[in-house]
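First comes the structure, then the notes that go with it.
The values are calculated or read from the model by the stated rules, or taken from the named source; none is laboratory data. None of these values were measured; they are calculated from a predicted model. Cβ placement follows ideal geometry from the backbone for every residue including glycine, while neighbour counts extend to all protein chains displayed. Surface accessibility is based on the protein's heavy atoms, side chains included, excluding ligands, DNA and RNA. Shrake-Rupley method; radii C 1.70, N 1.55, O 1.52, S 1.80 Å.
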Amino acid sequence: MAGLTVGFGEYTHAIVRGVPASLPKEALRMNEANDDVDLARARREHELYVGVLMHKLGLQIVELPVDDSLPDSVFVEDAAVVCGDTALITRPGALGRRKETEIVKKALTDLHLNIVEMIDESATLDGGDVLFTGREFFVGLSKRTNQRGAEILADAFKDYAVSTVPIYDALHLKSFCSMAGPGLLVIGSSDGAQKALKVIQQMSDHRYDKLTIPDDAAANCIYLNIPNKGHVLLHSTPEEYPESSKVFERLKDHMLIPVPLTQMAKVDGSLSCCSILVNKRREM
């Protein structure tokens with residue numbers, strides 16, 4: 001199996017998709033009692049998110065057209081898993097989200113990636129359940145992702161070990177964990193998050209450093225390794241999660257960029273959900 005991927009966290013492109021007008025009323029959510037989404041504010045926050053990727057970090061943005069018939073389509077991460085030059089087009093667990101993959105597939109094809117499609121009708125996989133550590137994959141077995149989906153991912157990325165992690169009290173694996181750097185796992189403090197951490201530790205031959213934070217939702221971050229900037233971490237804001245933000249401040253070697261996502265969080269959205277990051281350093 002492969003060791004740590006050279007260039008972990010290095011990206012050149014980000015695929016994003018705007019917030020549909022249908023999101024506030026029709027987007028899926030685990031908690032129907034959540035507050036109403038402020039559409040205008042959701043769009044402002046998304047514009048800020050895209051602006052950080054483009055202007056602060058220098059990524060080339062591939063912006064897909066908004067589709068009001070697909071209320072969850074802003075969460076592009078669920079439609080594909082990209083590692084190296086390969087893109088696996090997923091089969092989302094929610095039936096109403098399956099059409100989201102069509103335009104994402106076209107964008108990844110236009111970037112000249114090797115496309116693998118998940119066509120087995122017994123398989124489901126959401127990108128939010130896939131954690132790539134730079135050494136291996138962990139796949140959350142959730143209400144949206146099943147064992148067959150994890151098996152197809154393993155076939156698509158044969159150079160890496162793939163382990164499954166049962167998910168009980170969250171939408172996705174990355175609802176409570178992410179990578180904050182090479183070998184550094186950010187994990188929430190809930191019982192469900194800590195149980196998942198134990199499985200990760202048991203399944204892996206590698207010992208990861210961990211950063212445990214009080215709020216599960218704040219554990220979803222985006223790590224990038226940017227030329228002339230080094231380690232960069234996009235994370236939730238102190239206004240949203242003040243105690244978790246204090247923990248992030250311990251990462252003295254990182255450029256920390258707080259990015260608000262208060263409205264998308266009401267429909268279970270998180271930072272990594274809103275982009276697919278691609279590294280195309282070579283000439284296309």
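Quick look at the numbers
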quantity	calculated
Residues (crowded, with 21+ Cβ neighbours inside 10 Å, of a type outside the set (A, V, I, L, M) and not in a helix (DSSP H, G or I)) located in region 174-200	176, 177, 178, 181, 188
Hits in region 138-151 (condition: buried (at least 19 other Cβ atoms within 10 Å of the Cβ) and either in a helix (DSSP H, G or I) or aromatic (Phe, Trp, Tyr) (or both))	138, 149, 150
Residue 168, sole failed condition from (1) within 26 Å of residue 254 (Cβ to Cβ); (2) in a loop (DSSP other than H, G, I, E, B); (3) open to solvent by 40 Å² or more (accessible area, probe 1.4 Å)	(1)
When residues of region 37-68 are limited to those that are acidic (Asp, Glu) and in contact (Cβ under 8 Å) with a residue 60 or more places away in the chain, the one least open to solvent (accessible area, probe 1.4 Å)	45
Long-range neighbours under 6 Å by Cβ, at least six apart or interchain, first residue more than 21 Å from residue 62 (Cβ to Cβ) within region 3-16, second buried (at least 20 other Cβ atoms within 10 Å of the Cβ) and at pLDDT 95 or above	4/134; 5/134; 8/134
Residue match in region 258-273 (condition: in contact with a Pro (Cβ under 9 Å, 6 or more places away or on another chain), within 15 Å of residue 42 (Cα to Cα), surrounded by fewer than 20 Cβ atoms within 10 Å (Cβ to Cβ) and without any contact (Cβ under 8 Å) to a residue 60 or more places away in the chain)	no
Residue list for region 9-36, restricted to those being surrounded by 12 or more Cβ atoms within 10 Å (Cβ to Cβ), over 17 Å from residue 271 (Cβ atoms) and out of contact with any strand residue (DSSP E or B) (no Cβ under 7 Å at 6 or more places or on another chain)	20, 21, 22, 24, 26, 28, 29, 30, 34
